[in-house]
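Engineer: Please read through the structure below; I'll follow up with questions.
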Amino acid sequence: MNRNDQDFLVQKIRTQYTEKEHTDLDELKELDSKVRRPANVFAYIFGSIGAIIMGSGMSLVMTDIAKTVGIADPMLYGIIIGIVGMLMTIVNYPVYKRILSSRREKYADKIIAISDKIMKG
């Protein structure tokens, strides 16, 4: 390993142990993640639950689980459960967009002020 490679490696390791100063760019990144995180968490959880419910309805229709559970007419219940799950997944994106836009409105002034400060130097 040559000297330049050693210096680079030493510097890389050293930066992991030194305190990093908090800049305006770091604050801007934190605010941006603060805006996006709740909407993303909601969308992932709600969409996953909707997909599981839709899959449960499909399973009820296409397999013999209904006999095991004791459901006499699995087609009707499976279709209803599947439609509920499908509706959940369909409304997921509009709800996500609404949450995101409301959070953007809430933090827009702070983000624009910090970004203007960074851009002006």
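The values are calculated or read from the model by the stated rules, or taken from the named source; none is laboratory data. Model, not experiment: these values are computed from the prediction. Positions of Cβ are generated from backbone atoms using ideal geometry, with glycine treated the same way; all protein chains shown enter the neighbour counts. Just so you know, the surface numbers come from the protein's heavy atoms only, side chains and all, with ligands and any DNA or RNA stripped out. Shrake-Rupley method; radii C 1.70, N 1.55, O 1.52, S 1.80 Å.
Engineer: Looking at F42, F46, F8 in this structure, which one is over 31 Å from the mean Cα position of the chain (by Cα) and either aromatic (F, W, Y) or under 30 Å from R98 (Cβ atoms) (or both)?
Structural biologist: F8
Engineer: What number of residues within the range 42-69 satisfy the criterion of being of a type in the set (S, T, N, Q) and open to solvent by 100 Å² or more (accessible area, probe 1.4 Å)?
Structural biologist: 1
Engineer: Restricting to the range 1-40, give me the number of residues that are part of a loop (DSSP other than H, G, I, E, B) and either of a type outside the set (K, R) or in contact with a helix residue (DSSP H, G or I) (Cβ under 7 Å, 6 or more places away or on another chain) (or both).
Structural biologist: Number of matching residues: 7.
Engineer: Continuing with the same structure: Kindly list, by first and then second residue, each pair from a residue in the range 41-61 that is touching a residue at least 12 places away in the same chain (Cβ under 8 Å) and assigned to a helix (DSSP H, G or I) to a residue that is aromatic (F, W, Y) and open to solvent by 60 Å² or more (accessible area, probe 1.4 Å), limited to pairs with Cβ atoms under 9 Å and residues at least 6 apart or on different chains.
Structural biologist: Close Cβ pairs satisfying both conditions: A43/Y93; G47/Y93; G57/Y77; L60/Y77; V61/Y77.
Engineer: Kindly provide the set of residues from the range 86-110 that are open to solvent by 60 Å² or more (accessible area, probe 1.4 Å) and of a type in the set (K, R), ordered by number.
Structural biologist: K97, R98, R104, K106, K110
Engineer: Determine, yes or no, whether K34 is open to solvent by 50 Å² or more (accessible area, probe 1.4 Å), closer than 21 Å to S115 by Cβ and touching a residue at least 60 places away in the same chain (Cβ under 8 Å).
Structural biologist: Yes: the conditions hold for K34.
Engineer: If you scan the range 1-23, which residues turn out to be open to solvent by 90 Å² or more (accessible area, probe 1.4 Å) and under 25 Å from I118 (Cβ atoms)?
Structural biologist: E19, K20, E21, H22
Engineer: So which of I90, I99, I118 ends up being among the aliphatic types (A, V, I, L, M) and either farther than 30 Å from D24 by Cα or in a loop (DSSP other than H, G, I, E, B) (or both)?
Structural biologist: Criteria check complete, one pass: I90.
Engineer: Go over the candidates A72, A113 one by one and state the one that is within 21 Å of D32 (Cα to Cα) and loosely packed, with under 13 Cβ neighbours inside 10 Å.
Structural biologist: After ruling out the rest, the residue left standing is A113.
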